[in-house]
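Working notes for the structure below.
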Amino acid sequence: MSGTVLVVGSLNMDLVIQMDDWPKPGETLLARGYRSLPGGKGANQAVAAARQGATVHMLGCVGQDSFGQTLLGSLRAAQVDVEGVRTASVGTGIAIVGVEPGGENRIIVVPGANSAVTAQHIEDERTVMVAADWLLLQLEVPMEAVVAAARLAKNLGTRVLLNPAPAPADGLPDDLLACVDILVPNEGEAERLTGEAEPEAAARNLRARGVETVIITLGERGAILLDQQGRRDIAPFTVRAADSTAAGDAFVGALAASLARGETLQTATRYASAAGALSASKPGAQPSLPTLEEVEALFAEVDHTLPNHYPEQMQTAFRSFAGEEVLVRPILPADAPRLQRLFARLSPESIYRRFFSHRRQFTDAEARAFATVDYQDHLALVAVMADTPEELVGVARFAPSEERAAAVEMAIVVGDAYQGHGIGRHLFARLAEAARQLGHRWMLVETQSDNQPMIDLAERAGYRTQADPEGTLLRLWLDLQADPAAP
């Protein structure tokens, strides 16, 4: 069961500026970098929920400009239904996001088309509302529309989750709070809404105003949950922060998605906490929002368990040409720091140019993303020596290719000290066989044009090949499903 989430909220283009500090009045500072990225709290939370497996409908407004088309395209790419997003006569909303070195951010929002969301717009989407398990709201569209959406949801039996951001200076209307099942402010928003600096006191104040469940997020300190059962602390997940811009949106979107698919509140908050942490480890808003697989991989790492669907049958052992016992197994999330160590020791010419970093060092986020795979369309096998299993000596990976249907591209790296031991050949053979068993038709291997051993290995494995020279490289296509005996 995936569950359905309706998001009523903002769509903004985020203009993200990497900076060391904010300028003082009259001061000009140089930034370290700039990017424009899809954002807006409503759109971010819609994408966050969709990446956590929910069926998501978005209701909002964009302008008649390229920013609006980009935002709609980003939502569609995340499998969010945008039939409820209308086009307004004013420009698409923008947010200027200043990101400081530690990952903290300051945001200035220009609402633009978001101001065109109306109560009538909400009413027109009644059929979508009645089919939704949860309505997810923020405060970057007019309060009139937010209240209308909450009231309609309450009347139709759809549960309401409100993220009161940005928190209004005059507080939240009581008739809005009366419709809210779960309220999720951050620590600053909770204080602004209640005047209480201590999070639990703020949560009790909000519950006294009619909200059944209050969750106050505390950044790297996790969160607290207060409901009729009392206070419960939500443990944080420790990551190296890169950009906290969308961490709160990741938390709220994952919470809504988890509740919509039937998780308990306690379990849903753990998914939310993990999603928020993973988002903070990557730059950008929507690009940083994690998938359900990434969240569950983090659970597996923290809980010291195997990820869901881990293909233990792909584990093998063999003797290298030097006589050492080598173990080959599918990659694990816990391999991320081991990948970093492997790559830091490689000579520059060993680094494979397509899937692996051109740099000598993976960032934490890159290593974690590399080590989190679905074991189906994306698979990586690692090689370790039997007597030192904590250190990787080689890695082979495939991922989908855009060049052909049912095709994957493969890359192999072996540590410098283990070149010529037959480890790369074994990784190649095991990964090609895994791709075949998983139903992929073609596998592309790029190698040096004079690498005859690779060509011989492919042919000895029984795969018909198509070789396309490209300068000093040879692009070798393996036909994984063809009958080797066929002419």
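Here are the numbers:
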| item | result |
| --- | --- |
| Residues (part of a strand (DSSP E or B), within 17 Å of L15 (Cα to Cα) and touching a helix residue (DSSP H, G or I) at 6+ places or on another chain (Cβ under 7 Å)) located in the stretch 72-103 | G93, I94 |
| Residue within the stretch 140-159 that is open to solvent by less than 10 Å² (accessible area, probe 1.4 Å) and assigned to a strand (DSSP E or B) present | no |
| Count of residues meeting criterion [over 26 Å from the mean Cα position of the chain (by Cα), in a helix (DSSP H, G or I) and touching a residue at least 12 places away in the same chain (Cβ under 8 Å)] in the stretch 104-123 | 8 |
| Filter pass, P283 being in a helix (DSSP H, G or I) and open to solvent by 40 Å² or more (accessible area, probe 1.4 Å) | no |
| Selected residue [more than 21 Å from F67 (Cα to Cα), among the acidic types (D, E) and surrounded by 20 or more Cβ atoms within 10 Å (Cβ to Cβ)] from D174, D124, D133, D170 | D133 |
| Selection count, the stretch 253-280, where residues are open to solvent by 40 Å² or more (accessible area, probe 1.4 Å), over 15 Å from P236 (Cα atoms) and in a helix (DSSP H, G or I) | 0 |
| Residue list for the stretch 71-87, filter: open to solvent by 10 Å² or more (accessible area, probe 1.4 Å) and either aromatic (F, W, Y) or more than 24 Å from S244 (Cβ to Cβ) (or both) | L72, G73, R76, Q79, D81, V82, E83, V85, R86, T87 |
| Meets criteria (more than 24 Å from L11 (Cα to Cα) and either touching a helix residue (DSSP H, G or I) at 6+ places or on another chain (Cβ under 8 Å) or open to solvent by less than 20 Å² (accessible area, probe 1.4 Å) (or both)) for A202 | yes |
| Qualifying position, being out of contact with any strand residue (DSSP E or B) (no Cβ under 6 Å at 6 or more places or on another chain) and more than 20 Å from V146 (Cβ to Cβ), among E263, E189 | E263 |
| Subset of the stretch 208-218 that is over 12 Å from D181 (Cβ atoms) and not in a strand (DSSP E or B) - its residue that is least open to solvent (accessible area, probe 1.4 Å) | L218 |
| Condition check for D227: within 30 Å of the chain's Cα centre (by Cα), over 23 Å from N105 (Cα atoms) and acidic (D, E) | yes |
| Residues (touching a residue at least 60 places away in the same chain (Cβ under 8 Å), open to solvent by 40 Å² or more (accessible area, probe 1.4 Å) and in a strand (DSSP E or B)) located in the stretch 361-394 | P389 |
| Answer from T269, T245 - the residue that is polar (S, T, N, Q), within 22 Å of V47 (Cα to Cα) and at pLDDT 95 or above | T269 |
| Count of the stretch 15-47 residues which are closer than 17 Å to G68 by Cβ and either open to solvent by 10 Å² or more (accessible area, probe 1.4 Å) or modelled with pLDDT of 95 or more (or both) | 10 |
| Residue tally, condition surrounded by 18 or more Cβ atoms within 10 Å (Cβ to Cβ) and polar (S, T, N, Q), over the stretch 429-465 | 1 |
| Some residue of the stretch 186-199 being closer than 18 Å to G248 by Cα, among the small types (G, A, S) and crowded, with 19+ Cβ neighbours inside 10 Å | yes |
| Residue that is modelled with the lowest pLDDT [pool: residues in the stretch 219-239 that are out of contact with any strand residue (DSSP E or B) (no Cβ under 7 Å at 6 or more places or on another chain) and surrounded by fewer than 17 Cβ atoms within 10 Å (Cβ to Cβ)] | T238 |
| Near pairs, Cβ below 6 angstrom, 6+ apart or cross-chain, from the stretch 314-332 (farther than 29 Å from V295 by Cβ) to any residue that is open to solvent by 40 Å² or more (accessible area, probe 1.4 Å) and assigned to a strand (DSSP E or B) | A317/L327 |
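The values are calculated or read from the model by the stated rules, or taken from the named source; none is laboratory data. None of these values were measured; they are calculated from a predicted model. Reconstructed Cβ throughout: ideal geometry from the backbone, glycine too, with neighbour counts over all protein chains shown. Note: accessible area is taken over every heavy atom of the protein model, side chains too, but ligands, DNA and RNA are not part of it. Shrake-Rupley method; radii C 1.70, N 1.55, O 1.52, S 1.80 Å.
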